[in-house]
Amino acid sequence: MTALIIIAAILMGIIGIIGAIAPGLPGTPLSFIGMLLLLLLPDFEANVAFLIVMAVIALIIMALDYVIPIYGTKKFGGTKLGVRGSTIGLIISLFVLPVLGITIGPFGIFGIILGPFLGAYIGEMMAGNKDNAMKAAIGSFVGFLAGTLLKVIYGIIVLIFIIKDSWSFIF
């Protein structure tokens, strides 16, 4: 049973890292769940304070994942319409496209990237800011990359802790 728990925890950690990159998989929570699975091991001594800190960090990263592309649009000179467009594009890519059954192809896999990018671009064009539209859209993309990097780093750190904490049970 111990081996199955360890395998499940490591798999959740790996799937969490994949989910940090692939839209549709909640990478950060899956990584954290992998760490929580170790609590099922017999004689596992958990550091409750560490688990609470990791849970708070996971929640912060999940919230930032939606805010950072909007912040990137602002930082790259986007106007209010560009920021609103980025937000609308994000909402469309997260909620509307899956409801319409568009979960594969360029809108499923890249929709989370294209939605805010195109939304910021269209918003800037509507604001009459044609010269800065592409720059604001790139800011949205940079924000997306920053959010993805945060999730990947968190997933790798959690996987390292999963392997380190389960090492004594393996050998």
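Taken together, the values in this text are just the output of simple stated rules run on the coordinates, not laboratory data. Note that the coordinates shown come from a computational prediction; the quantities given were computed from them, not determined experimentally. So basically every Cβ, Gly included, is an ideal-geometry build from the backbone, and we count neighbours across all protein chains shown.
Just a few scattered comments:
- If a spin label sat at a point 7 angstrom from the Cα of Leu25 along the line to its beta carbon, the backbone N atoms of the stretch 117-160 nearer than 17 Å would be those of 148-160.
- The helix-only estimate of mean residue ellipticity at 222 nm for the chain, built from DSSP H runs of length n ≥ 4 each weighted as -39500 (n - 2.57), is -26000 deg cm²/dmol after division by the residue total.
- Using the Cβ of Ile157 as centre and a radius below 12 Å, the other residues enclosed give a net charge of +2, where K and R count +1 and D and E count -1.
- If you plug the beta carbon distance of Ile18 and Met126 into 1/(1 + (r/R0)^6) with R0 = 41 Å, you get a FRET efficiency near 0.65.
- Sites Lys80 and Ala146 - FRET efficiency at Förster radius 25 Å, r taken between beta-carbons, to 0.05: 0.70
- Ranked by the mean number of other Cβ atoms within 10 Å of their residues, highest first, the peptides 148-155, 117-124, 40-47, 83-90 fall in the order 117-124, 83-90, 148-155, 40-47.
- Volume in Å³ per residue [convex hull over Cα atoms, computed for the chain]: 109
- Dipole moment magnitude, nearest 20 debye, the chain about Cα centre, only Lys, Arg, Asp, Glu C-beta charged: 640
- Proximal charge balance of Leu41 [Cβ under 14 Å; K/R count +1, D/E count -1]: -2
- Relative contact order (%) - criterion: Cα under 8 Å, at least six apart; region: the stretch 2-170: 30
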